[in-house]
Amino acid sequence: MEGMAMASAKWPWLAENDRIAYPCRLSREQSSSETAARYKADIIGIGDSVADLTGGMGIDSLMFAYRASHVDYVEQDRDLCDIMLHNSKVLELGNVSCHQAECRAWLREADRRFDWIYIDPARRDAQGKKMVSLADCQPNVLEMIPLLQSKAENLMLKCSPMIDLQDSISRLGIVGQVHIVAVGHECKEVLFCGRLSDEAPHAPVTVKCVDIWNGGVWHNKFLLPHSTPVKYAATMMSYLYEPNASLMKGAPWGEIGEWYGVEKLDRNTHLYTSARLVDDFPGRVFEVMGEVKLNRKAVRAAVEEANLLVRNYPADANTLRKQLGVAEGGQTFIVATTVKGEKKGFLCRKANGRQKN
């Protein structure tokens, strides 16, 4: 029952079938959402063969199976393998093979070459501490590159949203594309994709930012290393923009300005401004009503309640709210940030009540 309750929100296509089996809570929580899994399946080619070396609950393998000619699901845990075998039969996916094995040992013994290998390394140590860097996760993909190159044409590697893009690209050496995937405006996955047969590192690397939510999708792409200079604003103008989660992770600060005709507030202030409204900006958009001194007297004279948006400012939101003594709520936003090296406060409201993405 608990698994079905989560499924209705996270995997609607599974929730439609009351014969689907679900693993323990931890495995469910660590699994990809249906939206993210569909996105990954769309990356592979129709008819390709895929080896999922870190199968887990199997959501990605199941979704791959709707496009691939064959999917090999590899997982050490017996219970997860049994669940995956059951679910693939329930869904009548005859092109899925389940293997209970350690992925490196299984891959060494594999007698065929795959179009794609997919890996989602475990990002917690024995004590449950979250790990981020590739070398700390299991399996250590950096050590597996020669083995992967001998067994497959392409690699898709799922990593934490906290991963360092530039460092990981450099260490892997085979990355041609990076996909930064946000679901419901929250960055969920970073995918490193590359041709394992290529002898030289890719330069430049294409980075695709995507945000998928109920009723919409946004995407754009840029190249690493960056080539577009950042244009900085001389002052705050009529509108204020906060990029969506995938752009925040990708950090194409110069490209954002070029794409949307906006100017960045400061080197470490990842907010933008413009004199005229850019209605299709991907993120939150505010109308600037005026500047306000960030002290209790000035703020209390301006508003009785407000939401806080704190970016590149010495105090966090909780500390600043206590200092200002303003209640939370209402339609007004107090934005505390840095513009051209100066700490500033602004009163804002959502532009036209919108938040497209």
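Could you tell me how many of the residues in the range 1-25 are surrounded by 12 or more Cβ atoms within 10 Å (Cβ to Cβ) and not in a loop (DSSP other than H, G, I, E, B)?
Result for the range 1-25: 9.
Which one is surrounded by the fewest Cβ atoms within 10 Å (Cβ to Cβ), of the residues in the range 148-198 that are of a type in the set (Gly, Ala, Ser) and in a loop (DSSP other than H, G, I, E, B)?
Here is the first cut: in the range 148-198, the ones of a type in the set (Gly, Ala, Ser) are 150, 152, 160, 168, 170, 173, 176, 182, 184, 194, 197.
Then keep just the ones that are in a loop (DSSP other than H, G, I, E, B); that gives 160, 173, 176, 184, 197.
Details: Ser160: 17, Gly173: 14, Gly176: 18, Gly184: 13, Ser197: 10.
My answer is Ser197.
Considering Ala251, Ala233, Ala245, Ala275, which residue is closer than 26 Å to Tyr313 by Cβ and not assigned by TED's automatic domain parsing to the domain that holds Leu308? Steps first, answer last, please.
Details: Ala251 fails: not assigned by TED's automatic domain parsing to the domain that holds Leu308; Ala245 fails: not assigned by TED's automatic domain parsing to the domain that holds Leu308; Ala275 fails: not assigned by TED's automatic domain parsing to the domain that holds Leu308.
Testing whether each residue is closer than 26 Å to Tyr313 by Cβ and not assigned by TED's automatic domain parsing to the domain that holds Leu308 leaves just Ala233.
Filter the range 43-57 down to the residues that are closer than 13 Å to Ile119 by Cα and part of a loop (DSSP other than H, G, I, E, B) and list them by number.
Leu53, Thr54, Gly55, Gly56
If you go through the range 160-174, how many residues are within 18 Å of the chain's Cα centre (by Cα) and either among the small types (Gly, Ala, Ser) or under 28 Å from Asp111 (Cα atoms) (or both)? First the steps, then the outcome.
Step one: list which residues in the range 160-174 are within 18 Å of the chain's Cα centre (by Cα), which gives 160-169.
When the remaining residues are screened for being either among the small types (Gly, Ala, Ser) or under 28 Å from Asp111 (Cα atoms) (or both), the result is 160, 168.
Within the range 160-174, residues that are within 18 Å of the chain's Cα centre (by Cα) and either among the small types (Gly, Ala, Ser) or under 28 Å from Asp111 (Cα atoms) (or both) number 2.
Under the condition of being among the small types (Gly, Ala, Ser), touching a helix residue (DSSP H, G or I) at 6+ places or on another chain (Cβ under 9 Å) and assigned to a loop (DSSP other than H, G, I, E, B), which residue from the range 58-90 is nearest to Tyr22 (Cα to Cα)?
Gly58
Among (1) under 24 Å from Ala182 (Cα atoms); (2) surrounded by 19 or more Cβ atoms within 10 Å (Cβ to Cβ); (3) of a type in the set (Gly, Ala, Ser), there is one condition Ala233 misses while meeting the rest; what is its number?
(1)
Collect the residues in the range 215-226 that are over 18 Å from Asp167 (Cα atoms) and surrounded by 10 or more Cβ atoms within 10 Å (Cβ to Cβ), keeping them in residue-number order.
Pass one, the range 215-226, residues over 18 Å from Asp167 (Cα atoms): 215-221.
Listed by number, the residues that qualify are Val217, Trp218, His219, Asn220, Lys221.
Can you pull out the residues in the range 309-332 that are within 24 Å of Asp211 (Cα to Cα) and in a strand (DSSP E or B)?
Scanning the range 309-332 gives Leu309, Val310.
Do any residues in the range 166-181 that are within 26 Å of Arg38 (Cα to Cα) have Cβ atoms under 8 Å from those of residues that are acidic (Asp, Glu), where the two are at least six apart or on different chains, and which pairs are they?
Listed by first residue and then by second, the contacts come to Ile174/Asp198; Gly176/Asp198; His179/Glu189; Ile180/Glu189; Val181/Glu189.
Out of (1) part of a helix (DSSP H, G or I); (2) free of Cβ contacts under 8 Å to residues at least 24 places away in the same chain, what's the single condition that is false for Lys40?
Against the list (1) part of a helix (DSSP H, G or I); (2) free of Cβ contacts under 8 Å to residues at least 24 places away in the same chain, Lys40 comes up short only on (2).
What single numbered condition from (1) touching a residue at least 24 places away in the same chain (Cβ under 8 Å); (2) more than 23 Å from Ala251 (Cα to Cα) fails to hold for Asn318?
(1) is the only condition that Asn318 fails.
The values are calculated or read from the model by the stated rules, or taken from the named source; none is laboratory data. Every value quoted in this text rests on a predicted model; they were computed, and no experiment measured them. Please note: Cβ atoms are built from the backbone with ideal geometry, for glycine as well, and neighbour counts cover all protein chains shown.
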